[in-house]
There are 2 protein chains.
Amino acid sequence: MSSALSPQLDELVEALRRLPGVGAKTGQRMALHLLQRDRDGARRLAAALTRAADTVGECPECGLLTEQPRCGICASAERERSLLCLVESTADVAALEQATDYRGRYFVLGGHLSPLDGIGPEELGLDRLERRLDSGEISEIILATNPTVEGEATAHYVSEMAAARGVRTTRIAHGVPMGGALEQVDQGTLSHAFMGRRDYEG
Amino acid sequence: MSSALSPQLDELVEALRRLPGVGAKTGQRMALHLLQRDRDGARRLAAALTRAADTVGECPECGLLTEQPRCGICASAERERSLLCLVESTADVAALEQATDYRGRYFVLGGHLSPLDGIGPEELGLDRLERRLDSGEISEIILATNPTVEGEATAHYVSEMAAARGVRTTRIAHGVPMGGALEQVDQGTLSHAFMGRRDYEG
Ligand SMILES: [Zn+2]
Ligand SMILES: [Zn+2]
């Protein structure tokens, strides 16, 4: 969009380009759609963004996004404290909650080990996980990191941490395509992979 | 995203789905990206949306989006009043401004004739266009509607309106692929098509 036309429109297009997968053309199409056909949608989106940015934080126990002091899963008395499912992101938790009837809790890493990018155990909060393993309340860790090189390396690292403390580790079954991302798998495959989890041999 | 996780996050995903081309998965990916990695981007987008929704309107002369009383093109003394380029949308104006050195003005329809959808001449503001033709200030109308069935029908309708008043009509040259949308054509093709415009025979 030539800035001769409307600086406010240009600014909106630039702001939309901060969204993942949105380039110049798509940003322009979105901006024009909102301003020409859905101004109510534009205002609603602005309000939702502001509210979420102001109120949503990370659960101090598991790292899930929540607007409460603790997330609904950690706060629930009905979720077993002894079962912990390790995932890379909040999106993975959403996918697992929809696909399975898992009744334990989660530990959200917010990524995977990636030494070249400076992401080590501490950046992922694995020191916090270590303290929880030390406390003795965990009897099984389900390793549900993505089946990528980095996800496998992260699973391996945690499995050794658990083994040193006599905690059982399981890995969700293959069935999730290698190299794929957990959140993009269909519910049936994911449910199957979760049910078919096995002891992890690292 | 299961609403058990975070109602605010759910609301943000729903609001993002009002954007064209954004479904549940993409909306979730965008929301998580903003909240986990780019909160500053979320606030900036909210501000840009509010500001644009509050201040951007349509130019009363040509229909272009603008935050001024009249758009920069209509307000410019350097753009010829006698040349009028008819387009379907603001995005088409942006594309033409980038690709050509056109020095006339525009008339933005905001769509095309589509009787089945209840979009007739009045819905497109063609009565306003008729009054401008009656005023005698227009010497040429460049028909730059999309080369689709509806775009051609709209061009045909306007060409008859112009012919009845002795105003010359030209159509941008083919080269824009048939069935395609003007705004998706590369600059070179669009520039070529614009330069090679011919008298319109309806
Ligand atoms: Zn939690
Ligand atoms: Zn104007």
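Remarks
- Chain B's nearest residue to the axis relating it to A, judged by Cβ and reported with the distance in whole Å, is B:A46, 2.
- Extension gain for A:R51-A:D101 works out to 14.9 nm (0.36 nm per residue, less the C-alpha to C-alpha distance).
- Distant alpha-carbon pairs in the range B:1-85 (separation over 19 angstrom), percent: 56 percent
- Estimated purely from DSSP H runs of n ≥ 4, each contributing -39500 (n - 2.57), the mean residue ellipticity at 222 nm for chain A is -13000 deg cm²/dmol once divided by its residues.
- A label point on B:E122, set 7 Å along the Cα-to-Cβ line, lies at 7.2 nm from each of its counterparts in the other copies, closest listed first.
- Contact surface A-B: accessible area buried, both sides summed, square angstrom, 1.4 angstrom probe: 5500 Å²
- Averaged over the residues of A:12-24, the number of partner chain Cβ atoms lying within 10 Å of the residue Cβ comes to 6.
- Here chain B has 49 percent of its accessible surface on carbon and sulfur atoms, given a 1.4 Å probe and all protein chains in place.
- Here A:G136 yields copy-to-copy label distances, from shortest upward, of 10.1 nm, the label point defined as 7 Å from Cα along Cα to C-beta.
- Global geometry of the range B:81-171, whether rounded, prolate or oblate, following the gyration tensor of its Cα atoms and the 1.5 cut on a/c: oblate
- Charging the Cβ of each Asp and Glu at -1 and of each Lys and Arg at +1, and nothing else, the dipole of chain B about its Cα centre rounds to 620 debye.
- Taking N as the residue count of the protein assembly as shown, its C-alpha radius of gyration divided by 2.2 N^0.38 Å amounts to 1.31.
- Average accessible area per residue (Å²) across chain A - probe 1.4 Å, nucleic acids and ligands excluded: 45 Å²
- Inter-copy label distances for A:R37: 2.9 nm (label point placed 7 Å from Cα along Cα→Cβ; shortest first).
- In degrees, nearest ten, helix B:7-16 long axis to first principal axis of chain B (Cα): 20 degrees
- List of the range A:61-89 residues, accessible area with partners at least 30 Å² below that of the chain alone (1.4 Å probe): A:L65, A:E67
The values are calculated or read from the model by the stated rules, or taken from the named source; none is laboratory data. This one's a predicted model, so the numbers in the text were calculated from it and none came from an experiment. All Cβ positions, glycine included, derive from the backbone under ideal geometry; neighbour counts span all protein chains shown. Just so you know, the surface numbers come from the protein's heavy atoms only, side chains and all, with ligands and any DNA or RNA stripped out. Shrake-Rupley method; radii C 1.70, N 1.55, O 1.52, S 1.80 Å.
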